[in-house]
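*Asks:* So that we are looking at the same thing, I have put the structure below in structure tokens.
The values are calculated or read from the model by the stated rules, or taken from the named source; none is laboratory data. Worth saying up front: this structure is predicted, and the values here are computed from it rather than measured. With ideal geometry, Cβ positions are generated from the backbone for all residues, glycine too; neighbour counts draw on all protein chains shown. Accessible surface areas use protein heavy atoms only, side chains included; no ligands, DNA or RNA. Shrake-Rupley method; radii C 1.70, N 1.55, O 1.52, S 1.80 Å.
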Amino acid sequence: MSANPSNVTAMPVQFTVAYAPTVTRPTTNKIFTVKTLADMIAQYPPVDPAVAAALLEQHGSKRGHLEIKRLGPIIYLGRYLDGSRTRTASNIEAVTGIGLDFDERAGDRVDRAVFLEACRRLDVQVVIYNTYSTEDCYTFRAVFPLAEELAVDCYYAAVAKLIEFLDGLGPKTILPPTQGYFLQSRAGSSPDVKAVFGRPVDVVLDYFLLEAVADAAAPVGGGHR
């Protein structure tokens, strides 16, 4: 695991993540920093090749890959009541981080190395890692912790400000604040975690003054990636 910061200008903020050992288990609100979150992601071994092969043979490619991911841990960048078995728009209490999910299959063409360098240059705290689906430099995930919890109906406006700040380096699809993110990497691969210890993004962009902008066209349900 490589979680080395570029220029350390601030101690990593603590933020809450709703964690479950598998997607079907209840979540527990856990406190992380970019360092401890990066360490946790890095500690999980890739999916066992024999288990993956058996599930793919049993279910086929599309369903099989979903079943493989469901065996491992998942996080949500929001606060829910401890013990919640469902994490949806009806029970999320606050947003605690911003997740950007880049997927070449969906048309994203942001290079991971370019994105990482932009975060270092702009000096913002972030965790970047390869997802289960990663097969190239255009598929990865970025998690930006928030210094202060954010109202759910401010989320899409907050993401828009973040992408603008990152010189437009954002995915084509913005996932909802209730999105769940699997942590294990594909068999034979590595999450290749990077952590940048810069400034909290909501402090840089002054999210304290962000008006609540409810986007009726934006997705409101939960999901898993």
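*Asks:* Would you check which residues across segment 76-107 are of a type in the set (Lys, Arg) and assigned to a loop (DSSP other than H, G, I, E, B) and list them?
*Replies:* Across segment 76-107, the qualifying residues are ARG85, ARG87.
*Asks:* Another question about this same structure. Residue by residue through segment 169-183, note down the ones that are within 19 Å of PHE32 (Cβ to Cβ) and either open to solvent by 50 Å² or more (accessible area, probe 1.4 Å) or out of contact with any helix residue (DSSP H, G or I) (no Cβ under 7 Å at 6 or more places or on another chain) (or both). I'd like the intermediate steps shown before the answer.
*Replies:* Taking segment 169-183 as the starting set, the residues that turn out to be within 19 Å of PHE32 (Cβ to Cβ) are 177-183.
Answer for segment 169-183, where residues must be within 19 Å of PHE32 (Cβ to Cβ) and either open to solvent by 50 Å² or more (accessible area, probe 1.4 Å) or out of contact with any helix residue (DSSP H, G or I) (no Cβ under 7 Å at 6 or more places or on another chain) (or both): THR178, GLN179, GLY180, TYR181.
*Asks:* Here's a follow-up. Which of the residues spanning segment 34-58 are farther than 16 Å from ALA18 by Cα and either among the charged types (D, E, K, R) or open to solvent by less than 20 Å² (accessible area, probe 1.4 Å) (or both)? Don't jump to the end; show me each part of the working.
*Replies:* Residues of segment 34-58 farther than 16 Å from ALA18 by Cα: 35, 39, 42-58.
Correct list: LYS35, ASP39, VAL47, ASP48, ALA52, GLU57.
*Asks:* Within segment 151-168, how many residues are out of contact with any Gly (no Cβ under 9 Å at 6 or more places or on another chain), open to solvent by less than 40 Å² (accessible area, probe 1.4 Å) and either within 23 Å of TYR138 (Cβ to Cβ) or without any contact (Cβ under 8 Å) to a residue 60 or more places away in the chain (or both)?
*Replies:* Residues meeting the conditions: 3.
*Asks:* Would you tally the residues in segment 124-141 being in a strand (DSSP E or B) and in contact with an Asp or Glu (Cβ under 8 Å, 6 or more places away or on another chain)? Talk me through it step by step, then tell me what you get.
*Replies:* Going through segment 124-141, the residues in a strand (DSSP E or B) turn out to be 124, 126-129, 140-141.
When the remaining residues are screened for being in contact with an Asp or Glu (Cβ under 8 Å, 6 or more places away or on another chain), the result is 129, 141.
Going through segment 124-141 one residue at a time, the tally reaches 2.
*Asks:* State whether one or more residues within segment 214-223 are open to solvent by 60 Å² or more (accessible area, probe 1.4 Å), over 17 Å from the mean Cα position of the chain (by Cα), modelled with pLDDT of 85 or more and aliphatic (A, V, I, L, M).
*Replies:* Looking through segment 214-223, none of the residues is open to solvent by 60 Å² or more (accessible area, probe 1.4 Å), over 17 Å from the mean Cα position of the chain (by Cα), modelled with pLDDT of 85 or more and aliphatic (A, V, I, L, M).
This table checks each residue for (1) at pLDDT 95 or above; (2) over 12 Å from ILE98 (Cβ atoms); (3) over 14 Å from the mean Cα position of the chain (by Cα).
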site: PHE144; (1), (2), (3): yes, no, no
site: ALA151; (1), (2), (3): no, yes, yes
site: LEU175; (1), (2), (3): yes, no, no
site: LEU183; (1), (2), (3): no, yes, no
site: ARG186; (1), (2), (3): no, yes, yes
site: PHE197; (1), (2), (3): no, yes, yes
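*Asks:* Being under 11 Å from the mean Cα position of the chain (by Cα) and either among the hydrophobic types (A, V, I, L, M, F, W, C) or open to solvent by 60 Å² or more (accessible area, probe 1.4 Å) (or both) is the filter here, so list the residues in segment 92-114 that pass it.
*Replies:* Within segment 92-114, ILE98, LEU100, PHE102 qualify.
*Asks:* Restricting segment 111-142 to residues that are small (Gly, Ala, Ser) and modelled with pLDDT of 95 or more, which is farthest from GLU67 (Cα to Cα)?
*Replies:* Of everything passing the filter in segment 111-142, ALA118 is farthest from GLU67 (Cα to Cα).
*Asks:* Mind checking which helices (runs of 4 or more DSSP H) fall wholly inside segment 13-75 and carry at least 1 residues that are of a type in the set (D, E, K, R) and closer than 30 Å to GLU149 by Cβ? Spell out the reasoning first.
*Replies:* Values: elements: 34-43, 49-59, 61-69.
Helices (runs of 4 or more DSSP H) meeting the threshold: 34-43, 61-69.
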